[in-house]
1. Quick one: in the stretch 36-48, of everything that is modelled with pLDDT of 95 or more and of a type outside the set (A, V, I, L, M, F, W, C), which residue is farthest from Ala20 (Cα to Cα)?
2. Residues to consider are Val175, Val184, Val190, Val216; find the one that is under 18 Å from Val142 (Cβ atoms), in the same structural domain as Arg153 (by TED's automatic domain parsing) and touching a His at 6+ places or on another chain (Cβ under 7 Å).
3. Check off (1) among the charged types (D, E, K, R); (2) closer than 28 Å to Asp218 by Cβ; (3) within 19 Å of the chain's Cα centre (by Cα) for Arg151 and give me the number that stays unchecked.
4. Among residues belonging to the stretch 34-61 that are within 18 Å of Ile257 (Cβ to Cβ) and free of Cβ contacts under 8 Å to residues at least 12 places away in the same chain, point out the one that is nearest to the chain's Cα centre (by Cα).
5. For residues that are farther than 26 Å from Phe217 by Cα and of a type outside the set (D, E, K, R), tally how many sit in the stretch 89-130.
6. Quick check on the stretch 185-194. Is at least one of its residues touching a Lys or Arg at 6+ places or on another chain (Cβ under 7 Å), β-branched (Val, Ile, Thr), in contact (Cβ under 8 Å) with a residue 24 or more places away in the chain and surrounded by fewer than 24 Cβ atoms within 10 Å (Cβ to Cβ)?
7. Scan the stretch 35-48 and tell me whether some residue there is touching a Lys or Arg at 6+ places or on another chain (Cβ under 9 Å) and more than 19 Å from Cys80 (Cα to Cα).
8. Can you tell me which residues in the stretch 179-196 are assigned to a helix (DSSP H, G or I) and closer than 21 Å to Val122 by Cα?
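The values are calculated or read from the model by the stated rules, or taken from the named source; none is laboratory data. In this text the structure is predicted, and so the values were computed from the model without any measurement. Every residue, glycine as well, gets a Cβ built from its backbone with ideal geometry; the counts of neighbours run over all protein chains shown.
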Amino acid sequence: MTLPVTGQTTVAGIIGDPVAHSRSPAIHNAAYAALGLDWTYVAFRVAPGTVGAALAGLRTLHVAGCNVTMPHKREAAEACDELAVTAAALGVVNTVVVRDGRLVGDSTDGAGFVDAAREAGVALTGVALLVLGAGGAARAIVHAVAGPTARLRVAARRPDAAAAVAALAPGTAPVPFDELDDAVAASDVVVNATPLGMHGEAPPFATDRLTPHHVVFDTVYAPSETPLLAAARARGAQAVNGLGMLVHQAARSFVLITGRDAPLEIMWAAARDDR
């Protein structure tokens with residue numbers, strides 16, 4: 001049962017721009033209710049360039065912490081007083097905890113991706129994995145899978161951005177964007193870690209290069225069936241949307257902010273119901 005919001009209620013939330021579409025409030029509030037916590041989780045729209053002020057406000061208002069979504073992950077990292085090891089390596093955060101008056105940043109995106117892949121039965125060991133993108137999600141995924149993958153490659157429209165992400169995994173080479181179609185064909189797992197598809201955009205490569213051998217993982221979760229995933233299914237490939245990654249990164253963030261074990265099944269149910 002959800003407790004009424006009072007002067008004693010602990011507040012947490014998410015910052016982003018846009019953020020009204022986020023399922024995070026439904027996921028976290030369901031978890032609070034399941035554990036009987038007098039907490040509430042809200043979405044805050046924060047304009048680029050004002051993230052530092054927004055995070056300082058968390059401290060001032062005694063907000064417990066927040067999640068961070070695009071396009072603020074790098075700016076949020078720069079505003080933190082302290083970064084956890086993973087966040088420091090990435091230079092981005094998706095979770096900020098207010099701890100003893102200090103803003104502590106961490107990133108659960110990479111681990112959330114690995115958890116989601118495992119749950120979906122997607123092997124990350126001994127495969128050729130191609131990550132599309134150069135933003136916070138791409139950086140977190142590349143960093144997280146650098147060890148277990150045999151062959152990891154990164155593609156982004158800007159060569160310098162692709163090289164910067166590839167540098168997070170020693171031995172990883174960026175893929176020239178004009179060679180993307182061939183890189184897709186040579187991969188076992190293709191991960192779209194860009195926002196492409198959120199508004200119906202077409203995939204950035206020729207989808208006829210996909211086969212039933214492929215797994216296509218899209219970090220976009222709304223809509224649940226992006227043009228990329230629809231094309232992958234039509235080609236007989238396994239298609240996985242971003243809802244699992246959302247839930248698993250949220251579960252790990254929940255632990256960081258509340259100090260309690262996350263009720264994963266409850267969070268999954270809330271993510272599916274919040275359509």
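1. My answer is Gly36.
2. Val190
3. (3)
4. Gly57
5. So the count comes out to 7.
6. No, the conditions are met nowhere in the stretch 185-194.
7. Taking every residue of the stretch 35-48 in turn, at least one turns out to be touching a Lys or Arg at 6+ places or on another chain (Cβ under 9 Å) and more than 19 Å from Cys80 (Cα to Cα).
8. Ala183, Val184, Ala185
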